[in-house]
């Protein structure tokens, strides 16, 4: 995005990427359907960025969901709004959009260099890159860094840039996993029986927040969209207290009173499992979770069992490793860049994307902020270059 903006201002652009091809994390984001952005009111949209809302607002307002859809259309890729408000290309795929985008950049004059891993600056201010042929240096008038966070390092965003920026006095914060799964100390039976099972039509509650949706049981714990929505407060609670207790409502369409009445029906010779299946509809992994967490005596008390179904306490013992997370928090502090996204400690160097210290849930918000800050950094670099020429 920064390259596209700079080219539109008549600036010559070289794009360097550490990997053998561009956009690998972009392609990974589209593996199960490329969620470009989210169609909801701007005020609601901005709240998804939590503590970074105020800092990101100008960039996102300058390149919002409507702008992204128009930009995708300009690449020949039409979009549509799904039932959840998420915006997708009509073919759901990332590759056609990436191909069209790179073709446009090359046609506009961008020179693309792959297998160039940036390692810092030389004594004379040139960019230094490790390449298969050895170190390469490149002089620039302005530089836009879009080096990613530290999740999925095998795709190129390994966070090693932080040490380089620290050496020039940039303000950074340690990386933390965002949109991540969590570990649960499952019993051997549950771990063997239910990995990969989706838990659907459930409400998750934590720290006065409620999320309706679904998640997936894994061998190590839990993951999935509803979990990711609450991952930031859950992660922070575990960092503080070494544990976080997530409450699950396994029957959101039934009140406690109704469940008590249903469970209290005579069950005759039926087993408790069959009785619950018949009167509450709880089967499979939901019934398994109830058995996994509740003590045997709770099943003998309809009131306590109903309360457990409505607020089942699932203890999370750890956040999954950063390398597995969809995204990362931490990175370059917003205080370390000015309103044009230029480093305060190194003139002419602009920063964008996930390397900045912000986080957001999945649902198109991550890509939107990357697109928007990329364009904002590109515009900032173009203005700075124009001002230099006027001096």
Evaluate region 200-216: report whether one residue or more is free of Cβ contacts under 8 Å to residues at least 12 places away in the same chain and part of a loop (DSSP other than H, G, I, E, B).
yes
Are any residues in region 101-116 in a loop (DSSP other than H, G, I, E, B) and more than 16 Å from residue 5 (Cα to Cα), and if so, which ones?
114, 115, 116
Within region 166-184, is even one residue out of contact with any helix residue (DSSP H, G or I) (no Cβ under 7 Å at 6 or more places or on another chain), in contact (Cβ under 8 Å) with a residue 60 or more places away in the chain and farther than 30 Å from residue 332 by Cβ?
yes
Within region 18-40, take every residue that is exposed (fewer than 13 other Cβ atoms within 10 Å of the Cβ) and within 20 Å of the chain's Cα centre (by Cα) and give me the one that is farthest from residue 154 (Cα to Cα).
32
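Residue-by-condition table, conditions (1) outside the structural domain of residue 146 (by TED's automatic domain parsing); (2) closer than 22 Å to residue 145 by Cβ; (3) not in a helix (DSSP H, G or I):
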position: 6; (1), (2), (3): no, yes, no
position: 18; (1), (2), (3): no, yes, yes
position: 35; (1), (2), (3): no, no, yes
position: 54; (1), (2), (3): no, no, no
position: 60; (1), (2), (3): no, yes, no
position: 66; (1), (2), (3): no, no, no
position: 69; (1), (2), (3): no, no, no
Counting only residues that are under 29 Å from the mean Cα position of the chain (by Cα) and surrounded by fewer than 16 Cβ atoms within 10 Å (Cβ to Cβ), how many does region 120-129 have?
1
With the requirement that a residue be part of a loop (DSSP other than H, G, I, E, B) and surrounded by 14 or more Cβ atoms within 10 Å (Cβ to Cβ), what does region 71-81 give you?
75, 77
Among the listed residues 122, 74, 83, which satisfies the condition of being under 30 Å from residue 346 (Cβ atoms) and either without any contact (Cβ under 8 Å) to a residue 40 or more places away in the chain or not assigned by TED's automatic domain parsing to the domain that holds residue 156 (or both)?
122
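Listed here are the residues, each with its yes/no results for (1) farther than 25 Å from residue 13 by Cβ; (2) modelled with pLDDT under 95.
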site	(1), (2)
54	yes, no
57	yes, no
81	yes, no
84	yes, yes
96	no, no
114	no, no
120	no, no
133	no, no
139	no, no
Filtered residue count, region 342-378, keeping only those that are in a loop (DSSP other than H, G, I, E, B) and within 24 Å of residue 71 (Cβ to Cβ)
8
Just checking, does region 303-322 include any residue being farther than 24 Å from residue 216 by Cα and more than 30 Å from the chain's Cα centre (by Cα)?
yes
Checking residue 337 against (1) more than 29 Å from residue 155 (Cα to Cα); (2) in the same structural domain as residue 157 (by TED's automatic domain parsing); (3) free of Cβ contacts under 8 Å to residues at least 24 places away in the same chain, which single condition isn't satisfied?
(1)
For region 86-100, give me each residue that is without any contact (Cβ under 8 Å) to a residue 60 or more places away in the chain and part of a helix (DSSP H, G or I).
96, 99, 100
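The values are calculated or read from the model by the stated rules, or taken from the named source; none is laboratory data. Remember, it's a predicted structure, so these values are computed and weren't measured experimentally. Counting neighbours? That spans all protein chains shown, and the Cβs are built from the backbone with ideal geometry, glycine included.
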